[in-house]
Amino acid sequence: MGPDATGCGADVPPRHRPKVAIVLFNLGGPDGPEAIEPFLLNLFRDPAILRVPFFVRPFLARIIARARLKPATENYRLLGGKSPLLEMTEAQGRALEAALPELEAKCFSAMRYWHPFSLETARAVKAWQPDDIVLLPLYPQYSTTTTGSSLTAWRDAAARVGLFKPVSTLCCYPTDAGFAAATARIVRDGYDTARAGLDPAVPLRVLFSAHGLPESIVKRGDPYQYQIEQTVAAVLTAWGRDDLDWTICYQSRATPQKWIGPSTDEEILRGGAEKTALLVVPIAFVSEHSETLVELDIEYRDLAEKHGVPGYFRVPTQQCDAGFVGALAALVRSVRAAGIGLHAACDREACAAANRRCPFAIASPLP
């Protein structure tokens, strides 16, 4: 042992680094062909997703899952038979740990519809015995169907395993400056690459494409669409361009009822009719999975080519981008400094005023 900083010769214990468990919420995906059907069943059995009477939900979930099994199986076949989402989430977790050297941080993945489920993750967190826990969704925008559902599953799981530690929760970060700046840089680089590959006479439109939701969920006060719009505004501000042709659109319709729009495929058809090249930005996803690698890269590209779009380009998701990981690290620090409870990196008062299902608003229970 050496002398202390005063030179008085006293032994000084090493500085304690807080032991922090960071739980990363994500959707999850099948880890093999045999997992595709149960994954779909788990998805459509969730009352936050399929909002019908509880006694109808199991039967309707089976019908929808069976109808989607064949196309889903083909999609995952193109990805090697499984989703890459868990591996990417784990890679993001390792990068986030490295970005928090002042903490003894360990990231745990809690997937909503396939392993590792929240119950498995809660047991692992309890065994690790952290000083405190940060719940961090990899959904930048809050929705009752994503972060809201994951939070419900986590609270139930933590109670079941007796995990009682101080918890700080981030509900969303749609307009966080670090997140917006990192995203803007990725989009700008994609735009410059697309523009360089086009004839200067060909116009280029940016499509900010997000996963859609049934219109009925948004009308009940879900803040997702509002927050998507806020994210796009923040990214455009961070980019600093005011001469862009851009629009917001929605993809991945999964049920028969009316969904929010315009749809991404409609915007692709418009691009073909107007002979405008398209740069697609997956604005609600931060890692690659079937909806980017198959739907955007294969299905929509094919649609664009068939309808005469003069150029089709796609911006990658944030994945382990250093700026994005740095933004997540800053959010972890901010949430821990704010203390136990629910926190947001947005104008939560405006969101709550516009959306009664914002977690900071007085919300009515799920139907």
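Rule-based calculations on the coordinates, nothing more; no lab input. Predicted model, so just to flag it, every value in this text is computed and none were measured. Neighbour counts are summed over all protein chains in view; Cβ atoms, including those assigned to glycine, are modelled from backbone coordinates with ideal geometry.
Annotations
- Between 255, 228, 271, the Cα set farthest toward the positive side of the dipole of region 177-314 (charges on each charged residue's Cβ, about the Cα centre) is that of 228.
- Projected label distance in nm at residue 192 and residue 17, using a 7 Å step from Cα toward the beta-carbon: 3.5 nm
- Region 177-314 - percent relative contact order, Cα under 8 Å, separation 6 or more: 33 percent
- Estimated at 0.36 nm per residue, the fully extended path between residue 160 and residue 237 surpasses their Cα-Cα distance by 23.3 nm.
- In a DSSP loop and with at most 15 other Cβ atoms within 10 Å, the trypsin sites (Lys or Arg not before Pro) in region 292-367 are 356.
- With the simple spin-label model, which puts each label point 7 Å out from Cα in the Cβ direction, the residue 319 to residue 55 separation comes to 5.0 nm.
- On Cα atoms only, tilt of 322-338 relative to the major axis of the chain in degrees: 50 degrees
- Residue 349/residue 132 FRET efficiency (R0 30 Å; Cβ-Cβ; nearest 0.05): 0.65
- Relative to the compact-globule estimate of 2.2 N^0.38 Å, the Cα radius of gyration of region 177-314 comes out at 1.03.
- Helices in the chain, meaning DSSP H runs of at least 4 residues, each add -39500 (n - 2.57). Divided by all residues, the mean residue ellipticity at 222 nm is -13500 deg cm²/dmol.
- Counting only residues at least eight positions apart within a chain, or on another chain, the aspartates and glutamates with an alpha carbon under 13 Å from that of residue 19 are 97, 102, 104, 131, 132.
- Highest-fluctuation residue, 201, 21, 329 considered, GNM on the chain with Cα pairs under 10 Å: 201
- For the chain, the relative contact order comes to 20 percent (Cα pairs under 8 Å, sequence separation of at least 6).
- Between residue 258 and residue 219, the contour length at 0.36 nm per residue exceeds the Cα-Cα span by 12.9 nm.
- One chain, two ends: residue 63 and residue 305. Fully extended at 0.36 nm per residue, the span grows by 83.8 nm beyond their Cα-Cα distance.
- The distance linking region 157-172 with region 234-268 is 34 Å (Cα centroid to Cα centroid, whole angstrom).
- The Stokes-Einstein estimate for region 244-367, based on a Kirkwood radius over Cα pairs and taken at 37 °C with 0.692 mPa s viscosity, is a diffusion coefficient of 187 µm²/s.
- For the chain, the Cα gyration tensor yields ellipsoid semi-axes of 36, 27, 20 Å (square root of five times each eigenvalue, largest first, whole Å).
- Dipole moment magnitude, nearest 20 debye, region 145-264 about Cα centre, only Lys, Arg, Asp, Glu C-beta charged: 520 debye
- When peptides 204-215, 30-41 are ranked by their average number of other Cβ atoms within 10 Å per residue, the highest-first order is 204-215, 30-41.
- Degrees between helix 177-196 axis and first principal axis of the chain (Cα, 0 to 90, nearest 10): 40 degrees
- Annotation: region 14-54 has a Kirkwood hydrodynamic radius of 13.5 angstrom, from the mean reciprocal C-alpha pair distance.
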